[in-house]
Amino acid sequence: MIPTVLPTYNRAPLSFVKGEGSWLIEKDGTRYLDLGSGIAVNALGHANPALVATLTEQAGRLWHVSNVYEIPEQQRLADRLTDATFADTVFVTNSGTETAELAIKMARKYWYEKGTPRAEILTFEGAFHGRSTGAIAAAGSEKMVKGFGPLMPGFRQLPWADIGALEAAISEDTCAVMVEPIQGEGGIRPLSDADLKRIRAACDRTGALLILDEVQCGMGRTGRLFAHEWAGIAPDIMMVAKGIGGGFPLGAVLASEKAASGMVAGTHGSTYGGNPLACAVGAKVVEIIADPAFLAEVARKGALFRQKLEGLVATHPAIFEAVRGQGLMLGLKCKVAPADMVKAGYAAHVLTVAAADDTLRILPPLTITDDEIEEALRRLDAAAVALEPASLSV
Ligand SMILES: *Cc1c(COP(=O)(O)O)cnc(C)c1O
């Protein structure tokens, strides 16, 4: 019999009733150190007092009004995002997938309005842009698209990080390039600053718009507000979600005035997107994370965590191969199935997330403390020991 919850997930037998900072707590009081953050969502930890206060205050005042009215909380969120980034304008969504849909529409509409329609969007293998029919067509992976065809046309996937292939494929018919500066689901695979610069240059040469998907790597995760800032480039359109709501469903498409020029009244919309409750929380999250002192702490803790993970790799050469990523978006390339390591983590009361390319993801709340990083390493070490063949353990 089909479960009453549609069985599209293989769920672990864990169930949490409370969250506190970097910790998730089961009914019987068992505490798990959360290095997954709901997949980079709980950027400010669980039950963050500032966010609880903001949400509660707004909940007592006004939850929802239609976008046919002005929404001051949405305006505040958009102003904070445009103040802190390349963007001139913002559309607020409820998820990352919705940002993919709008990014694609916006890019195509830009060329349509210019009178020289361009449809093809270049993407990369291993990408993840969401689960809508458009977003799976963009990513193109067999696992995600199988059985859901016919797919939305107009996407071409290039080998990951093969910038030469991109330079060969891009032309004056290319509508846009859509790419994650650091692939998340694909296995914490970063593009180098030089690669990002070359992609930007290829777009500039052909006019193609650059769409950066910073749904997972953005919102302070790498130690800058957005990951592309490290490379000193800017996109034309950027997708943001996950961390921006701190746990409240929220996303945003940020764009330059030029890229957004086709999106006039009536061309896009959302019933819930931009509602006062979500935007009040989002504006608070942006205020906290955009603070340079907060971002410097993320960078410092990311370096500390990474250094300790390098030690873990060295101690367990049969389990791990390498560390990669930036800031607090870290990946452990595994020699065992990452799902086994996730499971061993459950037994050691530490939560991690598997990704493609044999990678274990470490995406803790950005508010994790130095002591919690130490504790994380003790628990990851215990999990690795449990996986080691008896002959290899020391
Ligand atoms: C999670 C994710 C998405 C999709 O976001 P949803 O909120 O799950 O729809 C898109 N792009 C990237 C890079 C993601 O990590």
Pair residue 113, residue 67: separation of 7 Å Cα→Cβ label points (nm)
1.5
Rounded to two decimal places and with Rh computed the Kirkwood way over Cα pairs, what is Rg over Rh for the range 161-218?
0.97
Which pairs, out of 143/343; 18/242; 105/143; 197/343, put more than 28 Å between their alpha-carbon atoms?
197/343
Please give the contour-minus-distance gain from residue 371 to residue 52: 0.36 nm per residue of separation, less the Cα-Cα distance, rounded to one decimal in nm.
112.4 nm
Roughly how many whole Å is it from the C-alpha centroid of the range 237-251 to that of the range 67-104?
10
Taking only Cα atoms of the range 216-320, what ratio of Rg to Rh do you get with Rh as the Kirkwood inverse-distance radius?
1.10
Taking the range 49-289, how much of its Cα-Cα pair set, in percent, is spaced more than 27 angstrom apart?
32
Taking just the C-alpha trace of the range 73-117, give me its Rg and Dmax in Å.
12.7, 37
So for each of 312-325, 48-61 I average, over its residues, the number of other beta carbons within 10 Å; can you give me the resulting order with the highest mean first?
312-325, 48-61
Just to confirm the number: angle between the C-alpha axis of helix 49-59 and the first principal axis of the chain, 0 to 90 degrees, nearest 10?
50
If each of residue 315 and residue 82 carries a label point 7 Å out from its Cα toward its Cβ, how far apart are those two points in nm?
5.0
Rounded to 10°, Cα long-axis angle of helix 72-84 versus longest principal axis of the chain:
80
Could you calculate the contour length gain from residue 125 to residue 89, that is, 0.36 nm times the residue separation minus the distance between their Cα atoms, to one decimal place in nm?
10.0 nm
Going by Cα centres, the range 196-222 and the range 259-290 are how many Å apart?
21
Just report the Cα centroid separation between the range 333-353 and the range 1-41, whole Å.
15
Packing-wise, with mean Cβ within 10 Å as the measure, how do 165-175, 261-271 rank, highest first?
165-175, 261-271
Give me the distance in nm between label points sitting 7 Å out from Cα along the Cα-to-Cβ direction at residue 10 and residue 27, one decimal.
2.6
Want the number for residue 258 to residue 152: 0.36 nm per residue separation, take away the alpha-carbon distance, what's left?
35.6 nm
Name the residues of the range 98-126 whose amide N is less than 17 Å from a point 7 angstrom out from the Cα of residue 145 along the C-beta direction?
101, 104, 119-126
Roughly what % of DSSP beta bridges within the range 49-289 run antiparallel, to the nearest 5?
40
With only alpha-carbon atoms counted, please give the Rg and Dmax of the range 269-328, in Å.
18.3, 52
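Computed from the coordinates by the stated procedures, all read-outs in this text should not be read as laboratory data. Only a predicted model underlies this, so the values are computations on that prediction, with no experimental measurement involved. All Cβ positions, glycine included, derive from the backbone under ideal geometry; neighbour counts span all protein chains shown.
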